[in-house]
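Have a look at the structure below before the remarks.
The values are calculated or read from the model by the stated rules, or taken from the named source; none is laboratory data. Quantities reported herein were computed from a predicted structural model and do not represent experimental measurements. All Cβ positions, glycine included, derive from the backbone under ideal geometry; neighbour counts span all protein chains shown.
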Amino acid sequence: MRNIGLIFRREFAAYFATPLAYIFIVIFLVMAGTLTFFVGGFLARDQADLRPFFGFHPWLYLFLVPALSMRLWAEDRRLGTIELFLTLPITMFEAVVGKFLAAWAFTGVALALTCPLWISVNYLGNPDNGVILASYIGSYLMAGAYLAIGSLVSATTKNQVIAFVVAAAVCFLFTVAGSPILLNYFENWAPGGLVEAIAKFGFLTHFDAIQRGVIDLRDLIFFGSTIVIALIANAYVIDWKKAE
């Protein structure tokens, strides 16, 4: 844990040493506010809830999180600094977890800065704050799953643009896995068991359940296992690719 903590602090501080952190946060807040008020009709709905706000989170993360994760390993591999980084007295898994937690914490900072919207909806009405809190938890877990997938993809290439495009494509498949967009294609020829299995991998399916205020253990396990499996695969890929 000490090594993970050291890597976490180093990587987290590095985000705010460049304009990247501030650009990411500003874009996230502006897009979230624009989609909530103008596309989601937050005020026109005349309802004291944040469903229009959280409903767009999967699509925001679909593009913004791969943009954040694309540099996690691709840049180190391109510059050749990964060998120097891995000469430190740390294990491969500690390095992967430390980098991931720093990026996830940074994403949490961006998400926490949307709290004024939560304060506003309490001022305008009497929302169910338990549902809103559950939605924040679900959103943060979903962001972590996107980030873990993006980190894994970043480890496979030295090109950040390729890492972004591939990560966005993979995340899109996970996002729509439980929706008719993808299921209708498989229903025409695939067995029912396969279609049902694909549906269970959909981020939207699990996040929608949490948005209703029901924190089901199965949804927590899904996002948690996605993160863990992606990080384990990430460590193996880095170990395999470090000599290239």
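Being of a type in the set (D, E) and either modelled with pLDDT of 95 or more or in contact with an Asp or Glu (Cβ under 9 Å, 6 or more places away or on another chain) (or both) is the filter here, so list the residues in the range 92-139 that pass it. Show your work before the answer.
So in the range 92-139, the residues of a type in the set (D, E) come out as 94, 128.
Residue satisfying the conditions is D128 alone.
Are there any pairs with C-beta distances below 8 angstrom linking a residue in the range 21-37 that is under 23 Å from M70 (Cβ atoms) to a residue that is among the polar types (S, T, N, Q), with the two at least 6 apart or on different chains, and if so which?
Listed pairs, sorted by first residue: L29/T114; A32/T114.
Yes or no, residue by residue, for (1) modelled with pLDDT of 90 or more; (2) under 16 Å from G55 (Cα atoms); (3) not in a helix (DSSP H, G or I):
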| site | (1), (2), (3) |
| --- | --- |
| T156 | no, no, yes |
| L173 | no, no, no |
| G178 | no, yes, yes |
| F186 | no, no, no |
| H206 | no, yes, no |
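Can you tell me which residues in the range 25-38 are loosely packed, with under 15 Cβ neighbours inside 10 Å and of a type in the set (F, W, Y)?
Going through the range 25-38, the residues loosely packed, with under 15 Cβ neighbours inside 10 Å turn out to be 26, 30, 34, 38.
Listed by number, the list holds a single entry, F38.
So how many residues does the range 39-58 have that are of a type outside the set (D, E), more than 29 Å from Y146 (Cα to Cα) and either surrounded by 17 or more Cβ atoms within 10 Å (Cβ to Cβ) or free of Cβ contacts under 8 Å to residues at least 40 places away in the same chain (or both)?
So the answer is 3.
Out of all the residues in the range 9-48, which are in a helix (DSSP H, G or I) and hydroxyl-bearing (S, T, Y)? Steps first, please.
Taking the range 9-48 first, the residues in a helix (DSSP H, G or I) are 9-15, 19-39.
Within the range 9-48, Y15, Y22, T34, T36 qualify.
Within the group V96, V161, which residue is over 23 Å from K200 (Cβ atoms), surrounded by fewer than 15 Cβ atoms within 10 Å (Cβ to Cβ) and touching a residue at least 40 places away in the same chain (Cβ under 8 Å)? Spell out how you get there, then give the answer.
On the way: V96 fails: surrounded by fewer than 15 Cβ atoms within 10 Å (Cβ to Cβ).
That would be V161, the only listed residue that is over 23 Å from K200 (Cβ atoms), surrounded by fewer than 15 Cβ atoms within 10 Å (Cβ to Cβ) and touching a residue at least 40 places away in the same chain (Cβ under 8 Å).
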